[in-house]
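The values are calculated or read from the model by the stated rules, or taken from the named source; none is laboratory data. Small disclaimer: the values here were computed from a predicted structure and weren't measured. Every residue, glycine as well, gets a Cβ built from its backbone with ideal geometry; the counts of neighbours run over all protein chains shown.
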Amino acid sequence: MSYTTAELEQLQDQLERFMDTHIYPNEELYQEQLAGLSNRFGTVPLMEELKAKAKAEGLWNLWMPVNHGGMTNEQYCGLAEVMGRVLWSPEVFNCNAPDTGNMEVFLKYGTQEQKAQWLEPLLSGEIRSSYAMTEPDVASSDATNVRTRIERDGDSYVVNGKKWFITNAPYERTKILIVMGKSDPENSNRHLQQSQILVPKDTPGVTVVRPLTTLGYDDAPLGHAEVHFDNVRVPKENILLGEGRGFEISQGRLGPGRIHHCMRLIGCAQRALEFACRRSIDRETFGRKLADHQSVLEDIAKSFAEIEQARLLTLKTAKRVDELGAKDARDYIAAAKITVPLMAQAVIDRCMQIHGAGGLTADYPMAEAFNYARWCRQADGPDQVHMMALGKQVIRQYTS
C-alpha cells in the first residue's frame, strides 16, 4: 500500500502537532535528564514516555517501506524532515538511524528465526541495534578494505577485528550488532570477499572500548563507539543471506539510509533558518534591526534558496528510488548525499553567525545540528567517494 494525498497530509499534520505539543516544549527537559543519568549512555526517562505517546497515536515506524505496508520514499520525505528538526526526536517515532536501516536489513535479508529474535523487538522499540562496518586501521571509504575476519569453525563463526564510529554501540538499550567482515579474503572478486553476521552485544569477546566524539559531541545516549571483537563466537545461523553476500547487503542497506539523512538534514537547516529570521527581527546593531542590514538579508535569501533546491533534489531522488530501486537510482542518491550535508552545513553556519556567540552554544539547536551535518559528510561514504562514482556515471551517460 501507499498513502493517499489526503491520508499523508493528515499524518503530517498529526506529526507536526505532536512535535508542537510534546517535542519542542521538552527539549530542555530532555537535556536535563540526559545530564542527570548515572550512565551517560543510559535510557532517558522522557524518551520512553514520548515513545509510548507516539505509539498510541499511530506515529510509529513511519519509515516502513511501501512493500511492507508503509509508504513510498517520496511520501516519507516530509515526515522525516519534520522529525529532523530535533535531533533526538526520530527515536520517539522509532525512525532513527541506524535502526531503520538495520530493520530494513532484517526485512530484506533475514531468516524467519532472525526476524523473530531481532526484528520484532526492534519494531516494537524494545531494543536498539548497531551496524559495524567502519574500521580504524583502513580507509573504510572503500568498504572492500575491511580487515575484520569472519571465519567458519564447525557450527560457529569466529569474528576478530576492530570497528569504530559504530552508532548506538554505547547505548544500554543496544542488543545486536550487524558486523561486516571478510570471510573469503582470497576471492578474486573483491566484492564477494565480505559477509555480514549478527553478533549479540553481550557475546563474550565483544568490547565497547570507548565512546568517540565528533567536533566534541558524544551524541549521547546513542553515541558512536570503538568496538573490538576478540575471538567472538556465534552460531552459523547468524550469517546474513550467506557467505560472500556482505557487499550486496551493504549496498541494499545504505541507499535508503543516505536519503533519510538528507531528509532529516533539510529539517535541521529549515529550523535554523526560522531561528535566524526571528533573530533578525529581535536584535539591533548600529541603530537598525539585523533584518535591515543587507548582509543579513542576503544570507537569509541564499539559505532559503539553497534549502529549496536541496529539498527538491531529495524529493526527486526519493521518487527515483521508488520507481527504479536504489541500485538504478544511485546517481541521484550520490548527488543528494554530496549536496544536502554541504547545504545544511553552510546554512546552519550562516544562521549561527546571525546569532552571534550564542549561536555556538547549546542554548540553540544549531551547533549540534552543524555537527550532525558535518559528520554526515563522512557517514555512509565520504563526499569524495560519491563524487568519484557520480562523475563516472555522468561521463558514461553522455559518452556511451
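Remarks
- Flag for K327 being assigned by TED's automatic domain parsing to the domain that holds V296 and at pLDDT 95 or above: no
- Of the residues making up the range 214-263, those that are part of a helix (DSSP H, G or I) and either surrounded by 17 or more Cβ atoms within 10 Å (Cβ to Cβ) or not basic (K, R) (or both) number 20.
- Within the range 289-315, considering residues that are charged (D, E, K, R) and surrounded by 15 or more Cβ atoms within 10 Å (Cβ to Cβ), the one farthest from C351 (Cα to Cα): R311
- Answer from V86, V82 - the residue that is farther than 23 Å from P121 by Cβ, in a helix (DSSP H, G or I) and in contact (Cβ under 8 Å) with a residue 12 or more places away in the chain: V82
Each row is one residue, and each column tells you yes or no for (1) free of Cβ contacts under 8 Å to residues at least 40 places away in the same chain; (2) out of contact with any His (no Cβ under 6 Å at 6 or more places or on another chain); (3) more than 14 Å from P185 (Cβ to Cβ); (4) not aromatic (F, W, Y).
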site	(1), (2), (3), (4)
A132	no, yes, yes, yes
D137	yes, yes, yes, yes
S140	yes, yes, yes, yes
N145	yes, yes, no, yes
I150	no, yes, no, yes
D153	no, yes, yes, yes
N160	no, yes, no, yes
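- Qualifying residue in the range 35-46 (condition: assigned to a helix (DSSP H, G or I), in contact (Cβ under 8 Å) with a residue 60 or more places away in the chain and surrounded by 15 or more Cβ atoms within 10 Å (Cβ to Cβ)): no
- Counting only strands (runs of 3 or more DSSP E) wholly contained in the range 125-176, the ones carrying 2 or more residues that are surrounded by fewer than 21 Cβ atoms within 10 Å (Cβ to Cβ) occupy 149-153, 156-167.
- Hits in the range 111-132 (condition: closer than 24 Å to M47 by Cβ, in contact with a helix residue (DSSP H, G or I) (Cβ under 9 Å, 6 or more places away or on another chain) and not charged (D, E, K, R)): W118, L119, L122, L123, S124, G125, I127, S129, S130, Y131
So that you can scan it fast, the table gives a plain yes or no per residue for (1) within 25 Å of L342 (Cα to Cα); (2) touching a Phe, Trp or Tyr at 6+ places or on another chain (Cβ under 8 Å); (3) not assigned by TED's automatic domain parsing to the domain that holds G154:
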{"position": "L212", "(1), (2), (3)": "yes, yes, no"}
{"position": "Y217", "(1), (2), (3)": "yes, no, no"}
{"position": "N231", "(1), (2), (3)": "no, no, no"}
{"position": "C262", "(1), (2), (3)": "yes, no, yes"}
{"position": "A269", "(1), (2), (3)": "yes, no, yes"}
{"position": "A272", "(1), (2), (3)": "yes, no, yes"}
{"position": "F275", "(1), (2), (3)": "yes, yes, yes"}
{"position": "S280", "(1), (2), (3)": "yes, no, yes"}
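- A single entry from L222, L215, L192 fulfils the requirement of being touching a residue at least 60 places away in the same chain (Cβ under 8 Å) and out of contact with any strand residue (DSSP E or B) (no Cβ under 9 Å at 6 or more places or on another chain): L215.
- Filtering N189, N160, N168 for residues that are farther than 19 Å from S250 by Cα, at pLDDT 95 or above and assigned by TED's automatic domain parsing to the domain that holds E226 leaves a single hit, N160.
For every residue, the table says whether it meets (1) at pLDDT 95 or above; (2) in contact with a Leu (Cβ under 6 Å, 6 or more places away or on another chain); (3) polar (S, T, N, Q).
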| site | (1), (2), (3) |
| --- | --- |
| Q10 | yes, no, yes |
| D13 | yes, no, no |
| R17 | yes, no, no |
| G42 | yes, no, no |
| M47 | yes, no, no |
| A54 | yes, no, no |
| L62 | yes, yes, no |
| N94 | yes, no, yes |
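- Taken together, the residues in the range 341-391 that are crowded, with 20+ Cβ neighbours inside 10 Å, more than 27 Å from Y30 (Cα to Cα) and of a type in the set (A, V, I, L, M, F, W, C) amount to 1.
- Those helices (runs of 4 or more DSSP H) of the range 323-400 in which 3 or more residues are closer than 24 Å to G223 by Cβ and touching a Ser or Thr at 6+ places or on another chain (Cβ under 6 Å) are absent.
- The range 264-288 - residue that is surrounded by 14 or more Cβ atoms within 10 Å (Cβ to Cβ) and of a type in the set (S, T, N, Q) and, of those, nearest to A357 (Cα to Cα): S280
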